1. Could you work out the percent of alpha carbon pairs in the chain separated by over 28 Å, rounded to a whole number?
2. Among all helices in the chain defined by DSSP H, which have a length of 24 Å or more along the axis from Cα atoms plus a Kyte-Doolittle mean of at least -1.0?
3. Give the peptides 80-88, 224-232 in descending order of average Cβ contacts within 10 Å, highest first.
4. Compute the label zone of MET100 within region 381-404: residues whose backbone N is under 16 Å from the point 7 Å along Cα-to-Cβ.
5. Checking the a/c ratio against 1.5 first, then a/b against b/c, what shape does the Cα gyration tensor give for region 79-203?
6. Taking only Cα atoms and a 10 Å spring cutoff, compute GNM fluctuations for the chain and point out the largest among LEU120, LEU280, LEU28.
7. With +1 on each Lys and Arg Cβ and -1 on each Asp and Glu Cβ, and nothing else charged, work out how big the dipole of the chain is about its Cα centre, in Debye to the nearest 20.
8. Semi-axes of region 255-409's equivalent ellipsoid from the Cα gyration tensor, sqrt of 5 times each eigenvalue, largest first, rounded to whole Å?
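What follows is calculated from the coordinates using simple rules that are stated; it is not laboratory data. Predicted model, so just to flag it, every value in this text is computed and none were measured. Glycine gets a Cβ as well: all are built from the backbone with ideal geometry, and neighbour counts include every protein chain shown.
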Amino acid sequence: MDTTIRQSVTQSYIDLENEFGAQNYKPLDVVLARGQGVWVWDVEGNKYLDMLASYSALNQGHCHPRILNALIEQAKKLTLVSRAFRTDQLGAFYKEICEMTHSHSVLPMNSGAEAVETALKAARKWGYQIKEVPDNMAEIIVCDNNFHGRTIAIVGFSTEPQYRNGFGPFAPGFVSIPFGDAKALEWAITPNTVAFLVEPIQGEGGIIIPPAGYLKKVREICDEHNILLILDEIQTGLGRTGKFFAEEHDGIEADLTVVGKALSGGVYPVSAVLSNKEVLSVFQPGDHGSTFGGNPLACAVAREALKVIKDENLVENSMLMGEYLMNGINLIPSPYVKEVRGKGLLIGVELKESVGGARRFCEALQTNGLLCKETHQHIIRFAPPLIITKEQIDWALEQIEKVLTGPLP
Ligand SMILES: *Cc1c(COP(=O)(O)O)cnc(C)c1O
């Protein structure tokens with residue numbers, strides 16, 4: 001196919017999306033049709049290294065053969081039952097995920113936002129039943145610049161105007177404080193505070209890393225005031241930052257940990273709330289649920305996705321390759337870069353404001369075979385699948401160097 005025909009094929013897919021779809025995204029003009037490992041191919045046959053990995057849902061890489069096989073084999077047997085019945089997958093999933101994460105119990109859901117909502121409900125009920133906060137008075141503290149999903153309750157405590165504007169009225173009972181500031185947490189606590197919800201690293205917020213020891217201090221404050229610490233590890237968990245959970249960098253354990261994304265290796269929506277104290281036991285039959293949450297297909301997929309993380313040493317690879325990639329980027333003598341920061345394979349490259357935004361750099365990287373997405377206006381996020389090799393990173397670094405040292409795109 002010549003170039004014009006190929007481009008018109010791409011354009012026809014874009015036109016279809018634009019004509020019939022809601023315009024709640026602004027994707028790059030690349031139409032993907034296939035993925036394998038760290039690579040994806042578009043409908044024109046161009047090959048790209050996926051440096052976004054679906055915001056960490058693809059830690060195990062695209063179409064991982066073992067996870068696909070688990071999906072297919074389970075799909076032939078049993079996909080869904082009403083939660084009025086039990087299955088041969090659910091208990092095994094519970095046991096394996098709890099053992100792997102040192103948790104006491106687990107509640108499975110589908111999307112990340114649903115799992116965050118579940119944690120908030122658990123925390124409120126715990127507040128009334130165990131902490132004995134007066135009815136309907138429970139307060140939950142969150143952080144400025146947070147990202148926890150897109151439901152109405154969750155965007156209600158976002159500080160990003162675009163996530164909120166036009167969607168009110170919102171649920172009360174949330175207070176927002178600066179991220180990375182343990183003193184601010186202490187000041188915001190009242191007798192009715194039941195929980196503090198925070199991301200160990202703010203991913204969507206721009207790969208914002210709190211000061212060293214922040215979570216340790218937060219853990220102490222929560223203990224002192226009998227407040228639950230809820231960590232949203234949907235993006236930072238399951239190896240992304242070079243530890244299985246990002247909380248391990250501070251040597252602490254959350255009371256409730258929210259996971260999603262890579263829990264299924266990107267083949268199926270699976271999320272969960274993990275509990276270290278007996279918080280989840282406040283739920284009585286009928287209190288909470290989900291038609292698809294904990295279905296046998298999801299369980300089979302998640303069990304295999306977790307085993308892959310372990311068997312392929314993805315946590316260690318994330319740490320080693322993360323250091324290698326970050327060092328490599330730091331060595332690029334770029335006139336455009338303000339700061340490079342990250343942990344494991346969650347890396348943000350913040351550009352100087354004078355260069356006019358990260359979007360055009362992402363488009364230039366695409367031309368060079370790397371798929372990236374800007375986060376906020378000036379930050380490029382590099383978060384490839386955790387299976388990435390040194391050779392693949394070397395190739396990626398060559399492309400990044402071309403773009404970051406070339407003429408302004
Ligand atoms: C992606 C994400 C969510 C929301 O997950 P969905 O599956 O999109 O609902 C929540 N919190 C964090 C930190 C995330 O990265």
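1. On the way: 41363 of 83436 pairs.
Here the tail beyond 28 Å accounts for 50 percent of pairs.
2. Flagged H segments are 3-20, 112-129.
3. The packing order, highest mean first, is 224-232, 80-88.
4. Counting only backbone N, you get 386-387.
5. It is prolate, given that a/c is not under 1.5 and a/b is the larger ratio.
6. Fluctuation is largest for LEU28.
7. Result for the chain is approximately 460 debye, rounded to the nearest 20.
8. They are 37, 18, 14 Å, listed largest first.
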